[in-house]
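The values are calculated or read from the model by the stated rules, or taken from the named source; none is laboratory data. It should be emphasised that the depicted structure is a prediction, and the values quoted were computed from it without experimental measurement. In this analysis, Cβ positions are derived from the backbone assuming ideal geometry, glycine residues included, and neighbour counts consider all displayed protein chains. Surface accessibility is based on the protein's heavy atoms, side chains included, excluding ligands, DNA and RNA. Shrake-Rupley method; radii C 1.70, N 1.55, O 1.52, S 1.80 Å.
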Amino acid sequence: MGTLSMRNASPRRTSLSSTLLASILAASCQGIAGAEGYPRIAPVEQYLIADSGAEIAMARSAAPESITQDATVLILGTDGYRTALNGKNGFTCLVERSWMSSFDSPEFWNPKIRGPICYNPAAVRTVLPYTLNRTKLFLAGRPKAQVREIIAASVAKKELPAPEAGAMSYMLSKMGYLGDSAGHWCPHLMIHVPKTSEATWGANRAGSPVLYNDELRDMPEPETIFLIPVANWSDGSAAPHMAPR
């Protein structure tokens, strides 16, 4: 994991990633570089982590140990995610890949992206299926446009549910890489709600800690994600603060 320099510039819209959805962030805690653009999917091997132990550790770094020590952990294989560790607290942790970004993200196929995330029980039931579904379709070789159509059809049939009340996830990992335009970004919580406008949460308003990506909006699943930066990484160490808005 490279070290990124701090910047004291005003926040600007970035193209992080589901979700990764730091491809969804509206401001940067750490230095950023320009996105190169990735026009097509890379060989599947480039998205995999050869050492399953390393992937488990990265997934668990998404949230404090008090949560992740009893969480289920998923790791990615050539045909989708599989359970590496069974948990008992209802949380599920995994490392998301670039295809969980907004469909209009220039980094949608960036094989370097690693997004450690830990879903709470409500999100496991209603939001994690988005990740499992997209991943399975893409690893089966489905074209991007077709996957988007399949997701839209599934939503119309209510096969993919809207987020349950209270659905949230942790992205507090120092180990993540959320894209060339975001790097490691900063620790944050993600709040998953049914489709709504940013105004309902006061997102992106002066002085508001709530962020929403108002440039990259092509997310066919029935959710809106709000992001709330926090002060500490999952290991308790202090993270860089947001630049003044």
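Key figures
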read-out: Wholly within region 1-97, strands (runs of 3 or more DSSP E) carrying at least 3 residues that are surrounded by 19 or more Cβ atoms within 10 Å (Cβ to Cβ) and modelled with pLDDT of 95 or more; value: 72-77, 92-96
read-out: Filtered residues of region 98-126 (kept if in a loop (DSSP other than H, G, I, E, B), out of contact with any strand residue (DSSP E or B) (no Cβ under 7 Å at 6 or more places or on another chain) and not polar (S, T, N, Q)); value: PHE103, ASP104, PRO106, GLU107, PHE108, TRP109, PRO111
read-out: Flag for THR196 being within 23 Å of PRO106 (Cα to Cα) and of a type in the set (S, T, N, Q); value: no
read-out: Test: residue in region 201-217 that is in a strand (DSSP E or B) and crowded, with 23+ Cβ neighbours inside 10 Å; value: yes
read-out: Answer residue from region 98-116, given it is open to solvent by less than 10 Å² (accessible area, probe 1.4 Å) and hydrophobic (A, V, I, L, M, F, W, C) and is farthest from TYR170 (Cα to Cα) among those; value: PHE108
read-out: Enumeration of residues in region 220-237 that are in a loop (DSSP other than H, G, I, E, B) and in contact with a helix residue (DSSP H, G or I) (Cβ under 9 Å, 6 or more places away or on another chain); value: PRO220, GLU221, PRO222, GLU223, SER234, ASP235
read-out: Residues located in region 142-156, provided they are loosely packed, with under 13 Cβ neighbours inside 10 Å and farther than 18 Å from ARG217 by Cβ; value: PRO143, GLN146, ALA153, ALA156
read-out: Single residue of LEU160, LEU139 found to be open to solvent by less than 60 Å² (accessible area, probe 1.4 Å) and in contact with a Ser or Thr (Cβ under 6 Å, 6 or more places away or on another chain); value: LEU160
read-out: Criterion violated by LEU189 - all others in (1) open to solvent by 30 Å² or more (accessible area, probe 1.4 Å); (2) more than 19 Å from the chain's Cα centre (by Cα) satisfied; value: (2)
read-out: Test for ILE225: is it open to solvent by less than 40 Å² (accessible area, probe 1.4 Å), modelled with pLDDT of 95 or more, over 28 Å from THR68 (Cα atoms) and of a type in the set (A, V, I, L, M); value: no
